[in-house]
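Only one structure is covered here, and it is reproduced in the block below.
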Ligand SMILES: [Zn+2]
Ligand SMILES: [Zn+2]
């Protein structure tokens, strides 16, 4: 009775369908593992090792892979690295007085601690510029040495 049931048309069709479904699921699992591993490691063969593990161990292999896989994808690691570098850059941009190394504001003309000349005002457009610049980047005024009472990097005249 079981054989007549099993060989009947609809049952045969259902079994074949389930078989194809399981094979597709199995292949998708292997494919997904290889692709996912490729996004998480620069190693050429590790993704295929992970894929082979899923081929052999099936769902168990997939579980093992999910446990041991790198936490971050390469893209996420790259983004994190960029964020860290921009934080470092910000720390480096913090301005200190070249003479006494006290923190100063980017807008300060003089160091409030040691009176070192930090910035000048362009005599032409009044924008803040560095003392060592000999041309104003804002209004393109070419400075003559005579325009300066204090030389670049020197202390402010009393
Ligand atoms: Zn200073
Ligand atoms: Zn200027």
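The values are calculated or read from the model by the stated rules, or taken from the named source; none is laboratory data. If you're wondering where the values come from, they're calculated on a predicted model, not measured in any experiment. Positions of Cβ are generated from backbone atoms using ideal geometry, with glycine treated the same way; all protein chains shown enter the neighbour counts.
If only one of 70, 98, 47 is without any contact (Cβ under 8 Å) to a residue 24 or more places away in the chain and either away from ligand 2 (no atom under 16 Å from the Cβ) or in contact with a helix residue (DSSP H, G or I) (Cβ under 6 Å, 6 or more places away or on another chain) (or both), which one is it?
Of the residues listed, the single one that is without any contact (Cβ under 8 Å) to a residue 24 or more places away in the chain and either away from ligand 2 (no atom under 16 Å from the Cβ) or in contact with a helix residue (DSSP H, G or I) (Cβ under 6 Å, 6 or more places away or on another chain) (or both) is 47.
So, in region 64-86, of the ones that are exposed (fewer than 12 other Cβ atoms within 10 Å of the Cβ) and over 11 Å from the mean Cα position of the chain (by Cα), which residue ends up farthest from residue 31 (Cα to Cα)?
Only one residue fits best here, namely 71.
Residues checked against (1) at pLDDT 90 or above; (2) more than 14 Å from ligand 1 (Cβ to nearest atom); (3) loosely packed, with under 14 Cβ neighbours inside 10 Å; (4) more than 30 Å from residue 27 (Cα to Cα):
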site: 51; (1), (2), (3), (4): yes, yes, no, no
site: 103; (1), (2), (3), (4): no, no, yes, yes
site: 107; (1), (2), (3), (4): no, yes, yes, yes
site: 124; (1), (2), (3), (4): no, yes, no, yes
site: 133; (1), (2), (3), (4): no, yes, yes, yes
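Looking only at region 75-93, decide whether some residue is within 16 Å of ligand 1 (Cβ to nearest atom), within 30 Å of residue 144 (Cα to Cα) and not in a strand (DSSP E or B).
No, that holds for no residue.
So which of 118, 128 ends up being in contact (Cβ under 8 Å) with a residue 12 or more places away in the chain, within 16 Å of ligand 2 (Cβ to nearest atom) and surrounded by 14 or more Cβ atoms within 10 Å (Cβ to Cβ)?
On inspection, the qualifying residue turns out to be 128.
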